[in-house]
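Please read the structure below before turning to the comments.
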Amino acid sequence: MAFALITGASKGIGKAIALELAKRKFDLILVARSNNLLAQIADELSQQYQVSVKYLAVDLSGNGAVGQISGFIQTEELQVSILVNNAGYGLWGRFDKLNLLQQLNMLRLNNEILVSLTYSLLPLLQKESQSYILNVASTTAYQAVPYMSVYAASKAFVVSFSRGLSNELRGTGVSVTCLSPGATDTNFMEQAGMNTQKLINSANKVSMMPQVVAEQAVNALFDKQVEFIPGVINKITAYANNFLPKKTVEGIAANIYRPA
Ligand SMILES: NC(=O)c1ccc[n+]([C@@H]2O[C@H](COP(=O)([O-])OP(=O)(O)OC[C@H]3O[C@@H](n4cnc5c(N)ncnc54)[C@H](OP(=O)(O)O)[C@@H]3O)[C@@H](O)[C@H]2O)c1
């Protein structure tokens with residue numbers, strides 16, 4: 001039986017996707033940094049859903065992380081039919097006030113590692129008669145977001161890369177889906193340093209639960225949808241961005257995200 005490999009599976013959306021795939025009887029390989037959380041999730045999911053769950057605690061932005069994952073798969077002689085590139089994070093603040101190295105590290109995880117892992121696992125995915133890639137972007141991919149400028153641009157990259165790759169792989173048995181969630185109730189805001197009441201209140205108004213995002217995302221994956229945005233408000237907002245002047249959309253975002 002082939003495995004589903006999920007990055008960032010220790011928390012939030014990645015953990016919810018792992019659970020959703022376990023429910024559908026997929027064996028799993030969980031990847032993230034937190035060894036204890038991964039061990040706990042592996043234990044819970046294997047017992048509850050009678051699936052095989054392996055895990056690898058690794059800092060994906062560290063040197064050689066992708067090689068470590070490939071080595072693990074090879075040593076354990078695993079086959080992979082689903083790759084979920086979910087690990088990622090945001091940073092909130094003025095570009096010139098945020099630390100440059102931290103912003104570059106974020107780009108490395110959100111983009112470079114996603115591309116490297118996809119490249120490295122594609123030959124395995126191509127061995128299966130049908131396999132799937134799910135890349136996690138964000139609704140911020142659909143417009144420039146002042147005060148999250150690098151993050152939003154990194155997610156625009158994910159949408160564009162996923163669409164291009166999906167087209168290249170058409171007819172090969174490897175399907176590519178790009179998931180763009182809006183605000184979701186996870187660790188994301190805390191990790192991004194989005195700790196003002198104004199930001200928390202505005203996210204709370206539209207926030208979705210990770211389990212709901214994951215269930216819809218996994219359905220979209222198996223439906224072979226190229227691009228999927230969960231939630232009606234998120235869909236409408238992303239769609240409206242096609243018609244509204246960019247300056248207006250960016251001005252609205254700046255008002256929401258501008259630090260005090
Ligand atoms: N929540 C939202 O509002 C939202 C909206 C749009 C898009 N997204 C996207 O959804 C994805 C998941 O985010 P989330 O909301 O679920 O956030 P989260 O709760 O912070 O989860 C992030 C996951 O990524 C892992 N991770 C972070 N850095 C890592 C690294 N260097 N190496 C390995 N694993 C790493 C974390 O695990 P460890 O800490 O154990 O390493 C964790 O499992 C991200 O790509 C994010 O950009 C989130």
>> Between ASN135, ASN86, ASN111, ASN99, which is at pLDDT 95 or above, surrounded by fewer than 20 Cβ atoms within 10 Å (Cβ to Cβ), within 11 Å of the ligand (Cβ to nearest atom) and not hydroxyl-bearing (Ser, Thr, Tyr)?
In response: ASN111
>> Quick test for you: out of SER175, SER166, pick the one residue that is modelled with pLDDT of 95 or more, under 21 Å from TYR142 (Cβ atoms), buried (at least 19 other Cβ atoms within 10 Å of the Cβ) and more than 9 Å from the ligand (Cβ to nearest atom).
In response: SER166
>> Looking at region 49-58, can you tell me whether even one residue there is part of a helix (DSSP H, G or I), surrounded by 16 or more Cβ atoms within 10 Å (Cβ to Cβ) and either away from the ligand (no atom under 11 Å from the Cβ) or without any contact (Cβ under 8 Å) to a residue 12 or more places away in the chain (or both)?
In response: yes
> So which residues in region 59-73 are part of a helix (DSSP H, G or I) and within 13 Å of the ligand (Cβ to nearest atom), if there are any at all?
Replying inline: ALA65, VAL66, GLN68, ILE69
> Pairs under 7 Å by beta carbon, first residue within 11 Å of VAL226 (Cα to Cα) in region 157-170, partner polar (S, T, N, Q), six or more apart or different chains?
Replying inline: VAL159/SER180; SER162/ASN135
>> Kindly evaluate SER180 against the criterion of being of a type in the set (Ser, Thr, Tyr), within 14 Å of the ligand (Cβ to nearest atom), touching a helix residue (DSSP H, G or I) at 6+ places or on another chain (Cβ under 8 Å) and at pLDDT below 95.
In response: no
>> Among the numbered criteria (1) within 18 Å of the chain's Cα centre (by Cα); (2) farther than 21 Å from PRO259 by Cα; (3) more than 11 Å from the ligand (Cβ to nearest atom), which one does ALA153 miss?
In response: (2)
> Hey, any hits in region 182-202 for a residue that's free of Cβ contacts under 8 Å to residues at least 40 places away in the same chain, in contact with a Gly (Cβ under 8 Å, 6 or more places away or on another chain) and closer than 21 Å to TYR151 by Cα?
Replying inline: no
>> Could you tell me how many of the residues in region 10-48 are near the ligand (Cβ under 7 Å from one of its atoms) and in contact (Cβ under 8 Å) with a residue 40 or more places away in the chain?
In response: 7
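The values are calculated or read from the model by the stated rules, or taken from the named source; none is laboratory data. Everything numeric here is computed off the predicted structure, so don't read it as measured data. All Cβ positions, even for glycine, are placed from backbone atoms using ideal geometry, and neighbour counts span all protein chains on display.
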